[in-house]
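Chemist: Right, I'll just put the structure down here and ask away after.
The values are calculated or read from the model by the stated rules, or taken from the named source; none is laboratory data. Note that this is a predicted model, so its numbers are computed, not measured. Please note: Cβ atoms are built from the backbone with ideal geometry, for glycine as well, and neighbour counts cover all protein chains shown. We work out accessible area using only protein heavy atoms, side chains counted, and drop any ligands, DNA or RNA first. Shrake-Rupley method; radii C 1.70, N 1.55, O 1.52, S 1.80 Å.
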Amino acid sequence: MTQKKMNDMSNAEDVPRAITVAVIGAGMAGLIAARELHRRGIDVVVLESAARPGGRMLAETTALGSRIDLGGQWIGHGHHRFETLAAELGATVFRMHTPKRPEIVDGDSRIRNSSLAIAAATTGLLALEIAARLGAPRAWKTQTVRSWLRHVPGRRARRLLELLVSVSTTADLDRYSMHAFLEMIRYQGGLTAMLSTAGGAQESLVLEGAGTLTERLAAELEGRVVFDSVVTALHRDETGVTVHSASGTYRAAEVIVAVPPPMAARIAHHPELPTARNQLQDNTYMGSVYKAIAVYDRPFWRGRAHAELLVLTSPGMAVFDTSPPGGPGHLCVLIAGPEARNLDGLDSGARRAAVLGPLSAHLGPAVLKPAGWHEKPWHLDENVGGGYTALPDIGHDEGSFPASSERVGHLHWAGTETAGEHAGYIEGAIESGERAAHEVIETLSE
Ligand SMILES: Cc1cc2nc3c(=O)[nH]c(=O)nc-3n(C[C@H](O)[C@H](O)[C@H](O)COP(=O)(O)OP(=O)(O)OC[C@H]3O[C@@H](n4cnc5c(N)ncnc54)[C@H](O)[C@@H]3O)c2cc1C
């Protein structure tokens, strides 16, 4: 059936369209769940509020014909589901070009590894790692990361730690508790795993763009993904769920909500959801992150320096060389938290100058003249609300990973936040989609 026909049918407001399973959200989690159900011959529809699939994943084609990702992109060490999916969908995975450690720069100067600032920051990181292993005291639920940072000696060391926490979590540090941060470190298997490239969370990339995988999954669903179809209300009873969406009303036996908790809070429920689920949705927020990719004929900087940098001046940034092998040069820039939002008031030209200007002293003036420029402030995306993930608000820990996926009658929950392993990552989104699909299959066979 064509998508138009599906839309037309469901637009007949008074007659809900009968469907076995409705999946809400065409991000990686929702698409994986829907594909599994579709493969088993189960009648499924995916309702997506945006006009495209992918959610927090989005690939674009550059002026030089290469593919880049403005959303999730890296395959981390041990992210086997992601790697398998890429191979299955005919994509090519390559190891990122990376040095042993990033260069830390402040204005025009590079900070030496032997400096006091690096020693103090390393001690701070070690203290965090140990505290995460020991378990965070409950009193730290209201102590912010920002207030903890004040104890770190030296402006540069503090700034470096601020940047590392911010870019690795996208949290606002005065809204992020030490308890939540230490829980995150523990869950992710330590700071080294979170921050590293080789052997860590930023190991490999997809040549065609990781976002392409979601496009291919949506295509496999043969018109069963209905775009521009925000779900506004769910009425559940003993036999199923009535789904109200911008593309009409559906009556489903089972529903999978594959939307991050703070965004799921916008859906009205009748009857009300259990308190614990409401608290998860109400006490979490999406992180703020701005991502840009500058494209060059070739990675010209490699003759002079490597381009993995932590830039301490404002806006603080993490820069990576994500160039494909033998292809054009791709410089990937991440700016997080309030510093990401500070860029929102600038026009694109001013933002580009603010981002690339500080790199000129380190990579050469050619960095100022990219052949292509791609950018996205994710916190302004009304469909996903931000990234990388949902975060627990200060004083609460409902959003610590993994978020609860306890079903509520015929409602099931997916989304990276609910993954048992690698929550927050694409790997976690895949795992959660598989788990929710199997939960539904089991229920249908009862
Ligand atoms: C800038 C950035 C960089 C990242 N980098 C990496 C990385 O390198 N590696 C990695 O593994 N992960 C990374 N991530 C995280 C990764 O992208 C996510 O973990 C993953 O894509 C989440 O998938 P999901 O399906 O759980 O949720 P989402 O992708 O958020 O999907 C949810 C979908 O639900 C839709 N939706 C929301 N509300 C409704 C509604 N009411 N009705 C209908 N539809 C609705 C949304 O439009 C969206 O399409 C990054 C994220 C960002 C933003």
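Chemist: Along the principal axes of its C-alpha atoms, what lengths does region 349-401 span, in descending order and rounded to whole Å?
Modeler: Dimensions of region 349-401 along the principal axes of its Cα atoms: 47, 24, 18 Å.
Chemist: Roughly how many percent of the accessible protein surface of the chain is carbon and sulfur, given a 1.4 Å probe and a whole-percent answer?
Modeler: Details: 9360 of 17700 Å².
Summing carbon and sulfur atoms, their accessible area is 53 percent of the total for the chain.
Chemist: What Kirkwood hydrodynamic radius do you get for region 69-183 when you take the inverse of the mean 1/r over all pairs of distinct Cα atoms, in Å?
Modeler: 16.7 Å
Chemist: Tell me what the chain gives for mean residue ellipticity at 222 nm when only DSSP H runs of n ≥ 4 count, each as -39,500 (n - 2.57), the sum divided by the residue total, rounded to 500 deg cm²/dmol.
Modeler: Calculated at 222 nm, the ellipticity per residue is -9500 deg cm²/dmol.
Chemist: Along the charge dipole of the chain, which of 387, 227, 408 sits closest to the positive end, that is, farthest toward it, with unit charges on the beta carbon of Lys, Arg, Asp and Glu (+1, +1, -1, -1)?
Modeler: Working it through, the farthest residue towards the positive pole turns out to be 387.
Chemist: Helix 155-169: angle to the longest alpha-carbon principal axis of the chain, degrees 0 to 90, nearest 10?
Modeler: Once rounded, one gets 20 degrees.
Chemist: Divide the volume of the convex hull of the Cα atoms of the chain by its number of residues and quote the answer in cubic angstrom per residue.
Modeler: Each residue corresponds to 139 Å³ of Cα convex hull volume.
Chemist: Let me ask you something else. First obtain the Kirkwood hydrodynamic radius of region 148-210 from its Cα pairs, then insert it into the Stokes-Einstein equation at 10 °C and 1.306 mPa s, and state the resulting D in µm² per second as a whole number.
Modeler: In µm²/s, the coefficient is 121.
Chemist: Once amide H atoms are placed 1.01 Å from N in the peptide plane, what residues at a sequence separation of 5 or more from residue 391, or on another chain, have their amide H within under 5 Å of its amide H?
Modeler: Under 5 Å from the amide H of residue 391 lie the amide H atoms of 285, 286, 287, each far enough along the sequence or on another chain.
Chemist: Write down the radius of gyration of region 40-88 and its Dmax, each obtained from C-alpha positions, in Å.
Modeler: 14.4, 42
Chemist: If you bin every alpha carbon distance in region 312-368 into 5 Å steps from zero, what whole percent lands in each bin?
Modeler: 4, 17, 26, 26, 16, 8, 3, 0
Chemist: So for region 101-153, Kirkwood radius off the Cα pairs, Stokes-Einstein at 37 °C and 0.692 mPa s: how many µm² s⁻¹?
Modeler: Estimated via Stokes-Einstein, D reaches 252 µm²/s.
Chemist: Filter the GluC sites (Glu not before Pro) in region 198-244 to those in DSSP coil with at most 13 other Cβ atoms within 10 Å of their Cβ, and list the result.
Modeler: 222, 238
Chemist: Using the charge dipole of the chain (Lys, Arg: +1 at Cβ; Asp, Glu: -1 at Cβ; taken about the Cα centre), state which of 171, 310, 374 has its Cα farthest towards the positive end.
Modeler: The Cα lying farthest towards the positive end belongs to 310.
Chemist: Determine ³J(HN,Hα), in whole Hz, for all residues of region 412-420 in sequence, where each value follows from phi through the Karplus function 6.51 cos²θ - 1.76 cosθ + 1.60 and θ = phi - 60°; x replaces Gly and Pro.
Modeler: Per-residue couplings from phi come out as 10, 10, 10, x, 3, 4, 9, 6, x Hz.
Chemist: Taking each pair of different alpha-carbon atoms in region 1-140 once, compute 1/r for the pair, average those values, and report the inverse of that mean as the Kirkwood hydrodynamic radius in Å to one decimal.
Modeler: With all distinct Cα pairs of region 1-140 included, I get 20.6 Å.
Chemist: Could you tell me the largest-minus-smallest coordinate of the C-alpha atoms of region 373-446 on each of the three principal axes, in descending order and whole angstroms?
Modeler: Taking max minus min along each principal axis of the Cα atoms, region 373-446 gives 51, 35, 23 Å.
Chemist: Something else now. Please work out the C-alpha center-to-center distance from region 219-282 to region 404-440 and express it in whole Å.
Modeler: 15 Å
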